[in-house]
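The values are calculated or read from the model by the stated rules, or taken from the named source; none is laboratory data. Just so it is clear, the structure is predicted and the values come from calculations on it, not from any experiment. Positions of Cβ are generated from backbone atoms using ideal geometry, with glycine treated the same way; all protein chains shown enter the neighbour counts.
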Amino acid sequence: MTRGGLMALAAAVPLLLLCQSQDIRILTRVERDGSGLRLVWAQSDASRAREICTWLREATQFYEDERQNVQGSQYVISRSWRPHTLGLVPESKLDITDVPQRPFSLFNEYYWEEKLKIYAGPATMSEKAGAAEARLLYILEMPGRIDPASVSPAGQISGGKVAWVLTGDKEEYVLRAGSKMLRWDLLLVVLFVLVAATGKTVEWLLRKARQRPRLI
């Protein structure tokens, strides 16, 4: 597996990694400015530590950070990458609608789409046959709240997070989700203008009331 073939574990996930891991997760976190975090987390029996580590490193060659931990019979490895823009993630698209597009909107809108492939590679026939049992948890975190109508395929939604459980028997997934984040800066400006306008109106009414001739 090369960087060109498996760019940052974004274009394809090795089926061997799914089959040999007890638990594998991918986290994509979208920040307000379009930067983000990509993290891959895998857990296996300690006897498979070398294989899991090798496959994960090959699939995430230019990730910046790696952590490993062995607790009894369990081995855990995680690798992370913080791109300055998530547009660097292959087979993906990030659209942000913010101030320049809608200067008077109270919401910023975010839309994420990614094509994720299951790469069979050197997997044996028995491993390919058991691919339906190999599961991957993909977690997407976005600014604001996830719009349930934008989520495809169906996933578990909680606030600004959506989670999909993917299986190895399908060769390709297209994951989509959108979110909206309230623009507190614009909301505060609107409230300030309303309060100032209300204050000026009250001041004008009081002045008019004082200028009105009194009845004797």
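Restricting the search to the range 28-45, which residues are among the β-branched types (V, I, T) and touching a residue at least 60 places away in the same chain (Cβ under 8 Å)?
Correct list: T28, V30.
For Y63, which of the numbered conditions (1) free of Cβ contacts under 8 Å to residues at least 60 places away in the same chain; (2) closer than 26 Å to K161 by Cα; (3) surrounded by fewer than 17 Cβ atoms within 10 Å (Cβ to Cβ) fails to hold?
(3)
Among the numbered criteria (1) surrounded by 15 or more Cβ atoms within 10 Å (Cβ to Cβ); (2) at pLDDT 90 or above; (3) within 26 Å of L15 (Cβ to Cβ), which single criterion is violated by E109?
(3)
Can you pull out every residue in the range 7-30 that is crowded, with 22+ Cβ neighbours inside 10 Å, farther than 13 Å from W41 by Cα and at pLDDT below 85?
A10, A12
I118: touching a strand residue (DSSP E or B) at 6+ places or on another chain (Cβ under 7 Å), modelled with pLDDT under 95 and crowded, with 17+ Cβ neighbours inside 10 Å, yes or no?
Yes.
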